[in-house]
1. Out of GLU361, GLU375, I need the residue that is out of contact with any Phe, Trp or Tyr (no Cβ under 6 Å at 6 or more places or on another chain), more than 30 Å from VAL263 (Cα to Cα), assigned by TED's automatic domain parsing to the domain that holds ARG418 and touching a residue at least 24 places away in the same chain (Cβ under 8 Å). Which one?
2. For MET267, work out the one condition from (1) within 30 Å of THR410 (Cβ to Cβ); (2) crowded, with 16+ Cβ neighbours inside 10 Å it doesn't fulfil.
3. Looking at region 65-93, I want the residues that are outside the structural domain of MET267 (by TED's automatic domain parsing) and have a partner that is modelled with pLDDT of 70 or more and of a type outside the set (Val, Ile, Thr) with Cβ atoms under 9 Å, at least 6 apart or on another chain. Which pairs are those?
4. I'd like the full set of residues that are in contact with an Asp or Glu (Cβ under 9 Å, 6 or more places away or on another chain), of a type in the set (S, T, N, Q) and either within 18 Å of ASP333 (Cβ to Cβ) or not in a strand (DSSP E or B) (or both), limited to region 147-190.
Amino acid sequence: MAHDDDHRKPRMEDWGVLNAVPEAAPEEIELAPRRPRPPQNPSPDSLLPDPDMLVDVPIKSHRSYAGLIFLIVIALGGVGLYYVMSTDLASDRVRGNPEGIQLGTPQSLTKAGAAPEDIEIAPPPKKTLLRLESDPPGARVVVNGNPHGSVTPTAVQTFVGQPVRVHMYLDGHAPVTETLTITDSEASLKVDLEAAKVETGTLQIATDPPGALITYNGVVVGETPFTLEGLPADHPFFFRLQLEGHDPHTVRYEVGAGSNRRVGVRMTPVDPENARTMATVTVESDPLVANIDRIAGGKADREGTTGSRPVQVFARIGYPLVLEGSARKYGTDRAAIDVVDPNYTVLMRLPPPRKVYGAIELQGSKALTVYLDGEELDPLPYKQKEILVGEHELVIVEPETRTKEKVKLTVAEGETARRTIRLTDDGRIVVE
């Protein structure tokens, strides 16, 4: 027992170690600086680095051209918008004109002016006298777009060797149009007018500025705004507009039966300093889109295509001009003009193509099925009195064997195309 107590009691030498005073640290030992502890609630300034610890780092500036490009695009857009607006304001379209007729831009007509002196211009064709008669007499006459004040019998001047289009109008008679080419020094034309009840239309005429004198078929009828009534339908007619201080303007127009149309004309001020030697012919069309060609020497030169805007043709005053309008699925229209006035407007109303018919007659077995241009026909024998002239396709089918044969069938005007269809012993289809 005593042995255990002695073992647990500390010995004297052990107390010396516990009570020993530590020696001071040597002076030559350098202690590392103590890193300060951040405060528990640091202030905003304490989060910033010490200015003395900042290092200058060179930063290369980035050049961006996006802003400059954007400004250039805006500037170009503004210039384009200004050009479009100024062009539209200077255009010859009369606002509020539902028919879309445009007549002579003042700017373009004024600038037409005289041709440069260094351009050699061929002399105009020789003129001759054309004597006109009608039966019955007393008809109003328009020759190459220019109405004349006299009635038949009369005589007018026109060009030799050029197409001449003569229109004659007489109340209670169908209007007549004759086309001829004068080869001699003097020519004559006599027209028989047929008594008929003519369908008519109406045209409302307005000018800018108003107050223009209207001459219809050589007779003064009033001042703009004005309504012309009883106009021959589906036939060209002509009227001339005159206003003091402005160039005269001749219009070739056409209306349908029972129609009431409107046309607006912007009159061109006279430029006393520049004598006009060139005329502007503004061409519209019905249908809206048509090709306009200038015909000269038997050749056709494309002047443009009508559409949302008309085609402007420039022609020398004192010379002849022939224009032709054409469009797909329509006929053609020609306008011959002896250019006298500085301004003309021509509406080309193209006729739809004339439908011409023939007939067909098919013989054969009732067991065969026949298709004409994709449409199944009645059982054979088959007759059709009216079928459009041209090439058609016949498809013959034998229902049991599904044998099929295709042939072309050509139909001529006023004739009957006859075919016999046989089914041979070996199952072939023969068309004779």
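The values are calculated or read from the model by the stated rules, or taken from the named source; none is laboratory data. Note that the structure is a prediction, hence the values are computed from the model and not measured. When we count neighbours, we look across all protein chains shown, and the Cβ atoms used for this are built from the backbone with ideal geometry, even at glycine.
1. GLU361
2. Going through the list (1) within 30 Å of THR410 (Cβ to Cβ); (2) crowded, with 16+ Cβ neighbours inside 10 Å, MET267 breaks only (1).
3. Every condition considered, the pairs that remain are SER91/ARG309; ASP92/ARG266; ASP92/PRO310; ASP92/GLN312; ARG93/GLY264; ARG93/ARG266; ARG93/ARG309; ARG93/PRO310.
4. Selection gives THR152, GLN162.
Table: residues versus (1) more than 17 Å from the chain's Cα centre (by Cα); (2) surrounded by 17 or more Cβ atoms within 10 Å (Cβ to Cβ).
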| site | (1), (2) |
| --- | --- |
| ASN291 | no, yes |
| ARG309 | no, no |
| VAL313 | no, yes |
| GLY318 | yes, no |
| ARG334 | yes, no |
| ASP341 | yes, yes |
